[in-house]
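Visitor: Sharing a structure, written as structure tokens. Questions coming.
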Amino acid sequence: MGQEVDRESFSEREFARFGERLEASLAALRELLARPGFGVGPGSVGAELELFLVRPDGGPLPRNEEVRAALGDDRVVLELGRFNLEINLTPVPLAGRPFSALDGEIREMVAAVDGAAATQGGGVVAIGILPTLSESDFTRDAMSDEHRYRALSRGIRRLRPEPFRVSIHGAERLELQVEDVILESANTSWQVHVRTEPARFDRVYNAAQLAIAPVLAASGNSPFFLGRELWEETRIALFEKSADDRDIERRWRRDGRVAFGSEWSSGGAEELFARYVRDYEPLVPVLGDEEDPLAIVKEGGLPGLAELRMHQGTVWQWNRPVYDPADGGHLRVEMRALPAGPTAADMAANAAFLVGLTLAMADRPGWTDELPFAAAYRNFYRAATLGLDAPMTWPGVGGETRASELALSLLPLAAEGLERAEVDRAEIDRAMEIVRERIERRRTGAAWQRRAMAALRDTPGAWERMIGRYRELAFTDQPVHTWPDMST
């Protein structure tokens with residue numbers, strides 16, 4: 001959905017033509033991935049960080065277009081809600097000090113966005129869900145003023161005219177019905193990309209599906225929504241339900257448009273792209289240049305595959321493949337499940353834990369035969385629901401283990417994966433130590449928020465005071481496990 005869209009409505013003929021171009025793109029992609037040497041190269045890591053703009057009282061500030069204009073940096077783009085922005089960080093080589101580079105760029109860019117937001121009377125906060133949001137913030141007027149988001153809304157409503165029903169049961173219960181996809185804007189994430197050679201795609205992708213659960217359990221930062229305490233990572237449930245295009249005619253499809261998946265990957269990236277085309281109808285049928293992608297591949301060239309990339313950008317699996325024609329063309333595994341915040345140090349450490357554990361498990365053969373996919377599926381949703389207390393299973397570990405214990409035991413394995421990728425040892429040690437301290441002290445971002453609200457209880461302006469203090473502490477750049485508790 002990062003591509004330019006110049007209008008918001010399309011004819012049925014355009015949807016049909018887009019579908020034809022998708023099939024042509026798939027045929028070209030299969031040929032391209034079979035080309036010797038395609039996508040081979042040094043490992044790299046990149047990331048995207050979504051943010052909330054907030055007023056001085058901690059409520060959402062719907063002025064993202066004005067803030068972006070004041071900033072004037074191409075790395076910052078609009079997100080769905082007018083109170084959201086996204087920072088596209090610079091990809092860096094995996095060898096060396098990649099997580100320090102991400103940490104530094106996050107700090108630089110968050111400070112810059114905060115300064116630009118100050119010109120509009122507000123600031124910025126990195127948090128999975130902003131607790132000060134209210135139902136009145138999710139009107140159609142809250143959508144960013146861009147054709148692509150109105151087109152996205154129309155595309156989903158074309159498939160699903162019935163309302164979206166959100167039902168989340170946690171410590172408390174939320175029942176909500178909305179008419180549009182604007183509820184997606186309640187969620188902000190920290191998305192990590194890893195460049196992956198085609199021959200290794202299945203191993204890396206499956207490893208990411210396995211690794212995300214213990215990392216998510218140690219990274220929770222979204223315990224509240226609309227005044228209710230719900231999941232450790234309420235964002236997971238909320239995003240899935242707020243963009244589910246399965247109406248009464250599509251109940252047959254196992255997975256919603258936002259989902260974890262239903263089986264281990266075994267046919268490479270092309271199998272996943274083909275599944276997205278087969279199972280998910282187009283939402284925004286923007287046609288790219290009139291290229292013949294298969295002919296381009298056969299002539300030794302590199303096609304843009306604009307339609308396939310646009311379609312893939314409207315299927316939000318928690319881990320998904322990315323084809324990018326840049327840098328000679330390559331594949332990435334995009335890991336989308338981690339929340340934004342609380343600090344640059346926390347996010348860099350979370351990325352290191354996830355990437356290291358993914359690479360380590362990708363190098364271990366045969367474990368997908370040992371562990372049913374259903375176990376990884378359960379791990380993921382248990383992590384989102386219960387965080388560090390979630391019971392989990394792991395290859396080679398008998399029975400169920402508490403997520404906190406499992407995550408601690410996996411830190412050396414993640415370090416091993418990073419070391420084999422030639423990440424600097426001091427870099428590895430710092431990241432693993434941040435995660436270790438957070439787990440041992442049981443002080444995730446979600447835990448800090450819950451303790452803060454327990455301290456404030458029912459005092460006037462409790463939510464606003466909590467967000468104000470969260471923002472202050474986040475700008476100290478000290479990891480969340482070192483933050484002092486909230487005092488009344």
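Visitor: If you scan the range 303-319, which residues turn out to be touching a strand residue (DSSP E or B) at 6+ places or on another chain (Cβ under 9 Å) and of a type in the set (A, V, I, L, M)?
Guide: Of everything in the range 303-319, those that are touching a strand residue (DSSP E or B) at 6+ places or on another chain (Cβ under 9 Å) and of a type in the set (A, V, I, L, M) turn out to be LEU305, LEU308.
Visitor: Somewhere in the range 195-205, is a residue crowded, with 24+ Cβ neighbours inside 10 Å, under 30 Å from ALA454 (Cβ atoms) and of a type in the set (Ser, Thr, Tyr)?
Guide: no
Visitor: A further question follows. Could you tell me which of the residues ALA126, ALA112, ALA117, ALA171 is in contact with a Leu (Cβ under 9 Å, 6 or more places away or on another chain) and within 23 Å of ARG336 (Cβ to Cβ)?
Guide: One residue alone meets the criteria, ALA126.
Visitor: For the condition over 26 Å from ARG275 (Cα atoms) and out of contact with any Leu (no Cβ under 6 Å at 6 or more places or on another chain), what is the one hit in GLU31, GLU20, GLU65, GLU48?
Guide: The conditions single out GLU65.
Visitor: Looking at (1) closer than 19 Å to GLU79 by Cβ; (2) over 16 Å from the mean Cα position of the chain (by Cα); (3) of a type in the set (Gly, Ala, Ser), which is the only condition SER266 fails?
Guide: (1)
Visitor: Checking MET143 against (1) more than 21 Å from the chain's Cα centre (by Cα); (2) at pLDDT below 95: exactly one of these is not met. Which one?
Guide: (1)
Visitor: Can I ask one more? Those residues that are surrounded by fewer than 18 Cβ atoms within 10 Å (Cβ to Cβ) and either under 24 Å from ALA186 (Cβ atoms) or not hydroxyl-bearing (Ser, Thr, Tyr) (or both), I need them from the range 81-105; list them, please.
Guide: ASN88, PRO93, ALA95, GLY96, ARG97, GLY104
Visitor: Residue check: is PRO395 in contact with a Gly (Cβ under 9 Å, 6 or more places away or on another chain) and on the phi < 0 side of the Ramachandran plot?
Guide: yes
Visitor: GLY220 fails exactly one of the following numbered conditions: (1) of a type outside the set (Asp, Glu); (2) under 20 Å from the mean Cα position of the chain (by Cα); (3) surrounded by fewer than 24 Cβ atoms within 10 Å (Cβ to Cβ); (4) in a loop (DSSP other than H, G, I, E, B). What is the number of that condition?
Guide: So the condition that GLY220 fails would be (3).
Visitor: Within the range 223-241, which residues are surrounded by fewer than 22 Cβ atoms within 10 Å (Cβ to Cβ) and more than 25 Å from ALA375 (Cβ to Cβ)?
Guide: Of everything in the range 223-241, those that are surrounded by fewer than 22 Cβ atoms within 10 Å (Cβ to Cβ) and more than 25 Å from ALA375 (Cβ to Cβ) turn out to be LEU226, GLY227, ARG228, GLU229.
Visitor: Sticking with this structure for a sec: Out of the residues in the range 106-133 that are assigned to a loop (DSSP other than H, G, I, E, B) and over 23 Å from the mean Cα position of the chain (by Cα), state the one that is surrounded by the fewest Cβ atoms within 10 Å (Cβ to Cβ).
Guide: That would be GLY121.
Visitor: Then there is this: Can you name the helices (runs of 4 or more DSSP H) wholly within the range 292-383 that have at least 1 residues being among the small types (Gly, Ala, Ser) and closer than 30 Å to PRO395 by Cβ?
Guide: So the answer is 344-362.
Visitor: Would you please list the contacts, defined by Cβ atoms under 9 Å and residues six or more apart or on different chains, that run from a residue in the range 452-465 that is touching a residue at least 40 places away in the same chain (Cβ under 8 Å) and within 14 Å of PRO131 (Cα to Cα) to a residue that is outside any loop (DSSP other than H, G, I, E, B) and among the aromatic types (Phe, Trp, Tyr)?
Guide: What qualifies is MET453/PHE224; MET453/TRP463; TRP463/PHE224.
Visitor: Next up: Given ARG309, ARG275, which one is out of contact with any helix residue (DSSP H, G or I) (no Cβ under 8 Å at 6 or more places or on another chain) and without any contact (Cβ under 8 Å) to a residue 12 or more places away in the chain?
Guide: ARG275
Visitor: Sticking with this one: Looking at the range 397-422, which of its residues are hydrophobic (A, V, I, L, M, F, W, C) and exposed (fewer than 15 other Cβ atoms within 10 Å of the Cβ)? Talk me through it step by step, then tell me what you get.
Guide: As a first pass, look at the range 397-422 and keep what is hydrophobic (A, V, I, L, M, F, W, C): 397, 403, 406-408, 410-411, 413-415, 418, 421.
Residue satisfying the conditions is VAL397 alone.
Visitor: Would you point out which residue out of ARG278, ARG336, ARG320 is basic (Lys, Arg) and at pLDDT below 95? Can you show your working first?
Guide: Details: ARG336 fails: at pLDDT below 95; ARG320 fails: at pLDDT below 95.
Every option except ARG278 fails the conditions.
Visitor: Here's a follow-up. How many residues does the range 338-389 contain that are among the aliphatic types (A, V, I, L, M) and in contact with a Phe, Trp or Tyr (Cβ under 9 Å, 6 or more places away or on another chain)?
Guide: Number of matching residues: 15.
Visitor: Go through GLU419, GLU405 for me and flag whichever is of a type outside the set (Gly, Ala, Ser), within 23 Å of ARG195 (Cα to Cα), without any contact (Cβ under 8 Å) to a residue 12 or more places away in the chain and in a helix (DSSP H, G or I).
Guide: The conditions single out GLU419.
Visitor: In this structure, does ARG436 turn out to be in a helix (DSSP H, G or I), surrounded by fewer than 21 Cβ atoms within 10 Å (Cβ to Cβ) and among the basic types (Lys, Arg)?
Guide: For ARG436, the condition - in a helix (DSSP H, G or I), surrounded by fewer than 21 Cβ atoms within 10 Å (Cβ to Cβ) and among the basic types (Lys, Arg) - is met.
Condition check ((1) at pLDDT below 95; (2) at negative phi; (3) of a type in the set (Ser, Thr, Tyr); (4) within 21 Å of the chain's Cα centre (by Cα)) across all residues:
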| position | (1), (2), (3), (4) |
| --- | --- |
| PHE10 | yes, yes, no, no |
| ALA28 | no, yes, no, no |
| GLY39 | no, no, no, no |
| GLY46 | no, yes, no, yes |
| ARG68 | no, yes, no, no |
| ASN84 | no, yes, no, yes |
| LEU94 | no, yes, no, yes |
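Visitor: Taking the criterion of being of a type in the set (Gly, Ala, Ser), over 21 Å from ARG157 (Cβ atoms) and modelled with pLDDT of 95 or more, would at least one residue in the range 282-298 satisfy it? Steps first, please.
Guide: To start, the set of residues in the range 282-298 that are of a type in the set (Gly, Ala, Ser) comprises 288, 295.
Applying the additional criterion that residues be over 21 Å from ARG157 (Cβ atoms) yields 288, 295.
With modelled with pLDDT of 95 or more added as a condition, the list becomes 295.
Yes: the range 282-298 contains one or more residues that are of a type in the set (Gly, Ala, Ser), over 21 Å from ARG157 (Cβ atoms) and modelled with pLDDT of 95 or more.
The values are calculated or read from the model by the stated rules, or taken from the named source; none is laboratory data. All values reported here derive from a predicted model rather than from experimental measurement. Neighbour counts run over all protein chains shown; Cβ positions are idealised from the backbone, glycine included.
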